Amino acid sequence: MHTTKISFVAAPALMGAYGVARLIDHQSRFGWTLGHVLMLAGLMLFGWVLLGLRRLTPGRTGTAFAGIGLIGLAATIAQIGIDIVVGLLARDEADKQHMFHQIQDVPGVLPVVYTVVPILFYVGMLGLTVLAAVVRPRAVAWWTPTLIALGTVAAAANLDYIPVAGLLYVLALAPLAFRPTRRTAHTLA
């Protein structure tokens, strides 16, 4: 199976696994690190998801949403990377919080890595799925962007709902993993 096709299921599943790990054992160094490594792996695969969705959407609008999503994804990957490093270096919870405050006090870090730019990942993914649902022929069902939006709202409402978001994303994107690949003229020859 092609990497992009696998990513349509694996990326949101790993995101959901992060959420489960977070609920089970978010306080220990092992639980923190395991959860964040799962999320990092999922985010890396979401790059393939965005590129796969881009191939299903037309023109400049699809390119713009893919670019927006990839910028947000890069910021989110930076955030998770920081979380992993701080979690490994901190002696205890107080030290972890102190390190996070030091990092977030650097001008520009808070909006670029934590609060504003990461949102662009979800904007890009939602925009791409909406486009894919309205183009002719439709590349995804109408409910795909609906499930993406519901998953995003769930995760934004409370981090404890990340497993729900991961499940909704899997339900939204899994049909793309099993979609037949279009053959081009040169592959038929």
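How large is ³J(HN,Hα), in whole Hz, for each residue of region 94-107 in order, when computed from phi with the Karplus curve 6.51 cos²θ - 1.76 cosθ + 1.60 and θ = phi - 60°, using x for Gly and Pro?
5, 5, 4, 5, 4, 5, 4, 4, 4, 5, 6, 7, 5, x
Using helices alone, what [θ] at 222 nm do you get for the chain, with -39,500 (n - 2.57) per DSSP H run of 4 or more residues, divided over all residues and rounded to the nearest 500?
So the calculated ellipticity at 222 nm is -26000 deg cm²/dmol.
Say the dipole of region 3-177 comes from +1 at the beta carbon of Lys and Arg and -1 at that of Asp and Glu; which of Gly124, Phe100, Trp32 then lies farthest toward its positive end?
Among Gly124, Phe100, Trp32, the one farthest towards the positive end of the dipole of region 3-177 is Gly124.
What residue among Asp160, Asp95, Asp83 has the largest mean-square fluctuation in a Gaussian network model of the chain, using Cα springs under 10 Å?
Asp95
Pick from Thr129, Thr115, Thr63: which residue has the top mean-square fluctuation in a GNM of the chain where Cα pairs under 10 Å get a spring?
Thr115
Computed from the coordinates by the stated procedures, all read-outs in this text should not be read as laboratory data. Only a predicted model underlies this, so the values are computations on that prediction, with no experimental measurement involved. Counting neighbours? That spans all protein chains shown, and the Cβs are built from the backbone with ideal geometry, glycine included.
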